[in-house]
Structures are given as structure tokens and as C-alpha cells.
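**Student:** Starting off with a structure, shown below.
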Amino acid sequence: MTQTVKQPKQTAFDKNIVLIIGLLALVGLIIVWAINLQDIESADLNGQTAPDFTLSLFDQFEENEIRLSDLKGQVVVVNFWASWCVECYKEADLLEQTWRDYKDKGIVFIGVDHLDTEKPALEYMAKYDITYPSGPDIGDRISQSYAITGVPETFFIDKEGKIVHVQIGPINHQMLYNLLEELLAQ
């Protein structure tokens, strides 16, 4: 007499468990991959070509927008700021005064308003009499392409379009003027 050993039937429940475990593993791998993509920080952009962008300017400026790639051949200072940023207030007067001192020497300042609303942003600009081109970072696209870690954050771009210095936090007078003089001398 031969006995047959019954194989346990794989139930629909067992199949679903295997499928769920497989899907969770796949989702986990995707999350790890996505996190690794975000490892770049703004300081890692030193020496790299500055990401191009077009910034729509606030209404008080003559031009409607400014495009970074149109400024090649000039030194560009891109400052990320916000009206809600306490640290931004510490450098606002300095940035405006420096812009006025250097705008006729081939240096362009651009203010990128980060995660802000228009009314407080315009009040901030009025308070500090900001006259250099500034506009809102709609959709946070520019901030993301520069991988900013917060505000204020300032990028110094040479005449060739390369980022030569990233200032995280407010900048002081001596450092700002020294950097600009070095960039003009190149």
C-alpha cells in the first residue's frame, strides 16, 4: 500500500501575504533611493556650473523676469531670503548697500524670495529699500535646484557661470566685499 503525502494547499491568503511583503520591500528600496538623491547640499555646488533659472520679478521692477544664463560674463550674487527669516534682516542693509556700490562694475545681485507670501515680502523689501532684482521662487524650483539648506543663503557666481562660494547664513561686510573684489579681479 502506498501512502500519498498531501501537500498543503497554498491559500489566497498566503499568496496575498507574499505579494504584500514583496511590495513593501520594493517601496523600501524606492524610499532609500530617493533619500540618497537628496544627499547633495548647497555647499556641494562649489566649483559647479550654477543651475540656470528664470525668476519672475516683483511688479516694481522694470523687467518682468531675469534669467541667470543671460548674465554670463558678469559676476552674479544670488541671495535666497524670506520676510519671515530673522537672520535675513541682519544682512539686508549690507546687501542693498553693496549692490549700490557694485552694480556699475559688472556685478548683478538677484534676490530669490523663498517660501514667502507677496505682501510680507514686499514690506520687507520696502523696509530695507531693496532695489536689486528680486522675485518669488514659485513652486520652490530654484531653491531646490540650488539645494539650499535654509535662508539666508548666498551664492557667488563668477563670470564663467561657476559657483565659487556658498555662504550659509548671513554674510558680513568684510567677507562680502573681499569676495566681490576677488571675482572682479578674475
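The values are calculated or read from the model by the stated rules, or taken from the named source; none is laboratory data. Quick caveat: nothing in here was measured; it's all calculated off a predicted structure. All Cβ positions, even for glycine, are placed from backbone atoms using ideal geometry, and neighbour counts span all protein chains on display.
**Student:** Show the residue pairs that are 6+ apart or on different chains and have beta-carbon atoms under 8 Å apart, the first residue being within the stretch 40-57 and modelled with pLDDT under 85, the second being in a loop (DSSP other than H, G, I, E, B).
**Tutor:** Ile40/Ala147; Glu41/Ala147; Glu41/Thr149; Ser42/Tyr146; Ser42/Ala147; Ser42/Ile148; Ser42/Thr149
**Student:** Looking at the structure I just gave you, is Ile20 modelled with pLDDT of 75 or more, part of a helix (DSSP H, G or I), not assigned by TED's automatic domain parsing to the domain that holds Asp140 and not acidic (Asp, Glu)?
**Tutor:** Yes.
The rows are residues; the columns are (1) farther than 27 Å from Lys159 by Cβ; (2) of a type in the set (D, E, K, R); (3) in the same structural domain as Ile142 (by TED's automatic domain parsing); (4) in contact with an Asp or Glu (Cβ under 6 Å, 6 or more places away or on another chain).
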residue	(1), (2), (3), (4)
Val77	no, no, yes, no
Ala82	yes, no, yes, yes
Lys90	yes, yes, yes, no
Leu94	no, no, yes, no
Trp99	no, no, yes, no
Asp104	no, yes, yes, no
Val108	no, no, yes, no
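**Student:** In the stretch 75-102, which residues are over 20 Å from the mean Cα position of the chain (by Cα) and within 13 Å of Ile130 (Cα to Cα)?
**Tutor:** Matches in the stretch 75-102: Asp93, Leu94, Glu96, Gln97, Thr98, Trp99, Arg100.
**Student:** Hey, another quick one. Can you give me the number of residues within the stretch 102-123 that are more than 20 Å from Ser56 (Cβ to Cβ), touching a residue at least 40 places away in the same chain (Cβ under 8 Å) and not aromatic (Phe, Trp, Tyr)?
**Tutor:** 3
**Student:** Moving on to the next point. Has the stretch 146-160 got at least one residue that is in contact with a His (Cβ under 6 Å, 6 or more places away or on another chain), within 17 Å of Lys90 (Cβ to Cβ) and not aromatic (Phe, Trp, Tyr)?
**Tutor:** yes
**Student:** In this structure, does Gly139 turn out to be out of contact with any Leu (no Cβ under 6 Å at 6 or more places or on another chain) and touching a residue at least 60 places away in the same chain (Cβ under 8 Å)?
**Tutor:** No: the conditions fail for Gly139.
**Student:** Among the residues of the stretch 124-163 satisfying the criterion of being among the acidic types (Asp, Glu) and more than 12 Å from Phe58 (Cα to Cα), which is surrounded by the most Cβ atoms within 10 Å (Cβ to Cβ)?
**Tutor:** Glu153
**Student:** Would you confirm, using the coordinates I've provided, whether Pro170 is under 14 Å from Tyr89 (Cα atoms) and either surrounded by 18 or more Cβ atoms within 10 Å (Cβ to Cβ) or among the aromatic types (Phe, Trp, Tyr) (or both)?
**Tutor:** So Pro170 passes the test.
Residue by residue, here is whether (1) farther than 16 Å from Ile171 by Cβ; (2) surrounded by 14 or more Cβ atoms within 10 Å (Cβ to Cβ) holds:
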residue	(1), (2)
Leu55	yes, yes
Glu62	yes, no
Glu65	yes, no
Asp70	yes, no
Val75	no, yes
Trp81	no, yes
Cys88	no, yes
Glu91	no, yes
Leu94	no, yes
